[in-house]
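Reading through the structure tokens given below for one structure.
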Amino acid sequence: MGVPAIRWTESADGSAVVLLDQTRLPAEEAELVCTDPQGLVEAIRSLAVRGAPLLGIAGAYGVALAAARGFDVREAADALAAARPTAANLAYGVRRAQAAYRGALADADGGDDTAQSSRRAAEAALAAARNLHREDAEGSARMAEHGLRLLEQLLPGGGHRVLTHCNSGALVSGGEGTAFAVALAAHRAGRLRRLWVDETRPLLQGARLTAYEAARNGMAYTLLTDNAAGSLFAAGEVDAVLIGADRIAADGSVANKVGSYPLAVLAHHHQVPFIVVAPVTTVDLDTPDGASIEVEQRAGREVTEFMAPQVPQAGVEAVGGIPVAPLGAQAYNPAFDVTPPELVTAIVTDEGVVTPVTEERLGELCDRSRPDNDELMG
């Protein structure tokens, strides 16, 4: 990316979290500076920063920001973790930085004055956020490697025609992404024939963001409306579906951007592999099944108005979307839907591949690959 999706900065004015404002893409690469936790919460809710792994990084930096700026860290952590309830990584990142902060305070144990212990705790929270950022970049590379190997096993011969939904590239990650990173690896290996990009209604993350990333990487891609996917399957033009995830339940149910479940049904009917790519931190073993996943409901105006990036112009106030429904129309606007494990061919993680997708196999992978997070997530 020409502009990093997220970065930490220090200046004479103090610490800040700087975001690439994704609501302005692809028209403008503009940065949004967050100098307090509430500003970051609002950026998360408005989708200026989005995508499961990146939300984890943002949550961790948000805790570090609260600590560095002297805000109530516990209050900030709770607000950040609740900003998008479906995203498992957001709460994980928040709690990880919060645990580092608490641990540093406990280690001080009266040996330092209050100001010194607070400074050291803030430094510990920032170190945790930076470690998570680095780990996510490394995990992204491993997911790309595992995913490309799986594609080669499922689809020998190359020339893959891959359909993706929403956005799962460098804009959602400390590295090159999740599902998009696999497609990018196939492209670099000369194995990708076509990337089919769902525009992803109602906020067009596919049209605005995935197409933007595909173009920047010189990939052969074609944009389609979400409801055109069925005709592609019927014509035999899709070899595999690659999507990311915002939360994966213990039984392997996958919450992802709304519109993912219909693709899984189509893929199952047409015997096309449906592959989910996400870091192990997206798996929430405390959520037993898909019915237990809290699905965020967003404002109806995202459906009743056509939303597009707003590029500010001199003397012109930025306004909302263009109305496309009668005044007062009710809208159903879940941010995510849930795909049951029986429709998922494989879950590709930074620590390996789970296939077939069962609660036992997923649990074994998590037990092998990550430490006990009971205290972290408590």
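The values are calculated or read from the model by the stated rules, or taken from the named source; none is laboratory data. These numbers come from a predicted model, not from an experiment. Neighbour counts are summed over all protein chains in view; Cβ atoms, including those assigned to glycine, are modelled from backbone coordinates with ideal geometry.
Of the conditions (1) within 15 Å of residue 347 (Cα to Cα); (2) surrounded by fewer than 18 Cβ atoms within 10 Å (Cβ to Cβ); (3) not small (Gly, Ala, Ser), residue 289 clears all except one; give me its number.
Going through (1) within 15 Å of residue 347 (Cα to Cα); (2) surrounded by fewer than 18 Cβ atoms within 10 Å (Cβ to Cβ); (3) not small (Gly, Ala, Ser) one by one, residue 289 breaks only (1).
Within region 265-273, is there a residue that is part of a helix (DSSP H, G or I) and either at pLDDT below 95 or out of contact with any strand residue (DSSP E or B) (no Cβ under 9 Å at 6 or more places or on another chain) (or both)? I'd like the intermediate steps shown before the answer.
Our first condition is that a residue be part of a helix (DSSP H, G or I); within region 265-273, this holds for 265-269.
Now drop any that are not either at pLDDT below 95 or out of contact with any strand residue (DSSP E or B) (no Cβ under 9 Å at 6 or more places or on another chain) (or both), which leaves 269.
Yes, region 265-273 contains at least one residue that is part of a helix (DSSP H, G or I) and either at pLDDT below 95 or out of contact with any strand residue (DSSP E or B) (no Cβ under 9 Å at 6 or more places or on another chain) (or both).
Residue 203 is checked against (1) more than 26 Å from residue 60 (Cβ to Cβ); (2) at pLDDT below 95; (3) in the same structural domain as residue 336 (by TED's automatic domain parsing) and fails just one. What number does that condition carry?
Checking residue 203 against (1) more than 26 Å from residue 60 (Cβ to Cβ); (2) at pLDDT below 95; (3) in the same structural domain as residue 336 (by TED's automatic domain parsing), the one that fails is (1).
Can you pull out every residue in region 232-255 that is in contact with an Asp or Glu (Cβ under 6 Å, 6 or more places away or on another chain), in a loop (DSSP other than H, G, I, E, B) and not acidic (Asp, Glu)? Steps first, please.
Residues of region 232-255 in contact with an Asp or Glu (Cβ under 6 Å, 6 or more places away or on another chain): 247, 249-251, 253, 255.
Retained after the next criterion (residues that are in a loop (DSSP other than H, G, I, E, B)): 250-251, 253.
Within region 232-255, 250, 253 meet the criteria.
Is it the case that region 21-28 has a residue that's among the acidic types (Asp, Glu) and either at pLDDT below 95 or in a strand (DSSP E or B) (or both)?
From region 21-28, those among the acidic types (Asp, Glu) are 21, 28; that's our starting set.
If we keep only those that are either at pLDDT below 95 or in a strand (DSSP E or B) (or both) as well, we get 28.
Yes, the conditions are met somewhere in region 21-28.
Can you tell me which residue in region 82-101 is surrounded by the fewest Cβ atoms within 10 Å (Cβ to Cβ), limited to those that are under 21 Å from residue 121 (Cα atoms) and more than 15 Å from the chain's Cα centre (by Cα)?
Here is the first cut: in region 82-101, the residues under 21 Å from residue 121 (Cα atoms) are 90-101.
Narrowing further to those that are more than 15 Å from the chain's Cα centre (by Cα): 95-101.
Working: 95: 23, 96: 23, 97: 34, 98: 27, 99: 20, 100: 26, 101: 26.
Among those residues, the one meeting the criterion is 99.
Given (1) under 23 Å from residue 245 (Cα atoms); (2) surrounded by fewer than 23 Cβ atoms within 10 Å (Cβ to Cβ), where does residue 36 come up short, assuming only one miss?
Tallying (1) under 23 Å from residue 245 (Cα atoms); (2) surrounded by fewer than 23 Cβ atoms within 10 Å (Cβ to Cβ), residue 36 fails exactly one: (1).
What are the pairs with Cβ atoms under 8 angstrom where one residue, in region 30-56, is without any contact (Cβ under 8 Å) to a residue 24 or more places away in the chain and the other, located anywhere, is part of a helix (DSSP H, G or I) and not small (Gly, Ala, Ser)? Sequence gap at least six, or different chains.
30/24; 46/23
What about residue 265, is it closer than 16 Å to residue 178 by Cβ and surrounded by fewer than 24 Cβ atoms within 10 Å (Cβ to Cβ)?
On the way: closer than 16 Å to residue 178 by Cβ: no; surrounded by fewer than 24 Cβ atoms within 10 Å (Cβ to Cβ): yes.
Criteria not met by residue 265.
Scan region 44-59 residue by residue and report those that are surrounded by 24 or more Cβ atoms within 10 Å (Cβ to Cβ) and of a type outside the set (Val, Ile, Thr).
If the condition is that a residue be surrounded by 24 or more Cβ atoms within 10 Å (Cβ to Cβ) and of a type outside the set (Val, Ile, Thr), then 50, 51, 52, 53, 54, 55, 56, 58, 59 are the ones that fit.
Going by the structure shown, is residue 98 outside the structural domain of residue 46 (by TED's automatic domain parsing) and out of contact with any His (no Cβ under 8 Å at 6 or more places or on another chain)? Talk me through it step by step, then tell me what you get.
Numbers: outside the structural domain of residue 46 (by TED's automatic domain parsing): no; out of contact with any His (no Cβ under 8 Å at 6 or more places or on another chain): yes.
Judged against the criteria, residue 98 is not a match.
Here is a check on your reading of the model: is residue 149 within 23 Å of residue 217 (Cα to Cα) and basic (Lys, Arg)?
Values: within 23 Å of residue 217 (Cα to Cα): yes; basic (Lys, Arg): yes.
Here the answer is yes, as residue 149 does meet what is asked.
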